[in-house]
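Below you'll find the structure, written out as structure tokens, and then a few comments.
The values are calculated or read from the model by the stated rules, or taken from the named source; none is laboratory data. Predicted model, so just to flag it, every value in this text is computed and none were measured. Methodologically, a virtual Cβ is constructed for each residue, glycine included, from the backbone with ideal geometry; neighbour enumeration extends over all protein chains shown. Note: accessible area is taken over every heavy atom of the protein model, side chains too, but ligands, DNA and RNA are not part of it. Shrake-Rupley method; radii C 1.70, N 1.55, O 1.52, S 1.80 Å.
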Amino acid sequence: MDQDASSSGGWRFAQCFGDKGEVEDITEADIISTVEFDSTGNYLATGDKGGRVVLFERNEMKKGCEYKFYTEFQSHEPEFDYLKSLEIEEKINKIKWCKRQNAAHFLLSTNDKTIKLWKVYERSLRVVAENNLSEGQRSLPAPLLQQNLRLPRTNLQDNIIAAVPRKVYANAHAYHIHSISVNSDQETFISADDLRINLWNLDISDRSFNIVDIKPANMEELTEVITAAEFHPIHCNLFMYSSSKSNIKLADMRDSALCDRHAKMFEEEEDPTNRSFFSEIISSISDVKFSHDGRYILSRDYLNLKIWDINMESKPIKTIPIHDHLRGKLCDLYENDCIFDKFECVWSGDDKSVLTGSYHNYFRIFDTDTLNDVVLQADKSAFKTKKIGGPLPGNKPGMKNGMRPGGLRENMALETLDFNKKILHASWHPRENTIAIAATNNLFLYSAA
């Protein structure tokens, strides 16, 4: 499976988890809705539309970065809000790991309404091996004298991995929760819905502080919604939130209790000549991420990635088109609702690369300095190729070295894109070049040297 570095950037398909059947046979509940590495990269979590959380553990027996199944638990169940006559889906919208303090793992998971703090730990299962009436399988006569009484003895039968909800943070959001972010102090976290952001203490589940509220007194005057929110990775008083109006606001909790007045606003003036019916929809920011050093912000709208310097609010320092070939198809994408798809974006562990997804299971990795990119496809042909030992799909023979660079990039712009296959969710290993990609009901792992 050797590949030309110019076409694959040294990236190789490593693993795939999940049912490898046809897309038509997929159960809705199995579709992965979030994926997240922990801070060490030794554990990986996925959440799905069925309310399940599946954890993977690094397989130390294998050379390279490979993972094995660790445990699975049901995080959320479907509920019904009788006051509003609304069904509350069990779908996991986000998972965030807390930094590990002891042998147990703690992670937050949320659906539309309720956030839960889960403790995942190894527990030994012991069984009574002998007591006063039996020894193993053999029955004993009941002891008649007090000195013949003995304490029951237990033997270790098995080690199991248990998951228990330590806290449930409920009833704080009137609208659907789309973001959660743990603070760098590991004591607090924020949760955001369309109109409000709440601040929680991890130890206190029955109250939270509302720190952003953009709900107008008259809902008919509503012009924008919050689309994503994240804490600064170093300064525990700073957080940012993005809006459907194509701006990112940086807020400082030291300024005031209610952070409606932002400290900075990152917004680019729109070119009036490019205005169209779809402008507002495609400029809505679907995801924002701080770089690990907190100096830069990565944002994703429908067609572009943007990198902002935290010290320059007027315009991004880099704008990276992801699938400009879709500009002419916005009518079709509006008709089939794909124009509202929310693509995530991620930084590499060293902040030198960024990653985001597209349609037909394509995803792209960009070098932040040169903007050189690698196009890959999370597709079943990837693991078929691995078994056979051939090149990854899209790298067609025809050059001296056996590959044609840009094969996938050309395919990406073809008419035959499947808009039902899309890479919305991804996570990057914090210390290595390993990425986890959610492709419908499959989890793909790719590694680079």
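Out of segment 313-335, which residues are in a loop (DSSP other than H, G, I, E, B), of a type outside the set (D, E, K, R) and open to solvent by 70 Å² or more (accessible area, probe 1.4 Å)?
Within segment 313-335, Ser314, Ile317 meet the criteria.
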Looking only at segment 163-178, which residues are of a type outside the set (Lys, Arg), open to solvent by 10 Å² or more (accessible area, probe 1.4 Å) and not in a loop (DSSP other than H, G, I, E, B)? Ala163, Val164, Pro165, Val168
Long-range neighbours under 7 Å by Cβ, at least six apart or interchain, first residue of a type outside the set (Val, Ile, Thr) within segment 195-221, second assigned to a helix (DSSP H, G or I): none
Please go through (1) farther than 24 Å from Lys421 by Cα; (2) part of a loop (DSSP other than H, G, I, E, B); (3) in contact with a Ser or Thr (Cβ under 8 Å, 6 or more places away or on another chain) for Gly294 and return the number of the only condition it doesn't satisfy. (3)
For Glu72: the one exception among (1) within 20 Å of Ala438 (Cβ to Cβ); (2) touching an Asp or Glu at 6+ places or on another chain (Cβ under 7 Å): (2)
Considering every residue within segment 209-223, establish whether at least one is buried (at least 21 other Cβ atoms within 10 Å of the Cβ), in a strand (DSSP E or B) and polar (S, T, N, Q). no
Of the residues in segment 85-130, those that are without any contact (Cβ under 8 Å) to a residue 24 or more places away in the chain and either of a type in the set (A, V, I, L, M, F, W, C) or part of a strand (DSSP E or B) (or both) come to Leu86, Glu87, Ala103, Ala104, Glu130
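Considering each residue of segment 137-151, count those that are part of a helix (DSSP H, G or I) and closer than 19 Å to Val127 by Cα, and give that number.
Qualifying residue count, segment 137-151: 0.
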Do you know which residues across segment 234-252 are under 22 Å from the mean Cα position of the chain (by Cα) and within 18 Å of Ser191 (Cβ to Cβ)? Cys236, Leu238, Phe239, Met240, Tyr241, Ser242, Ser243, Lys249
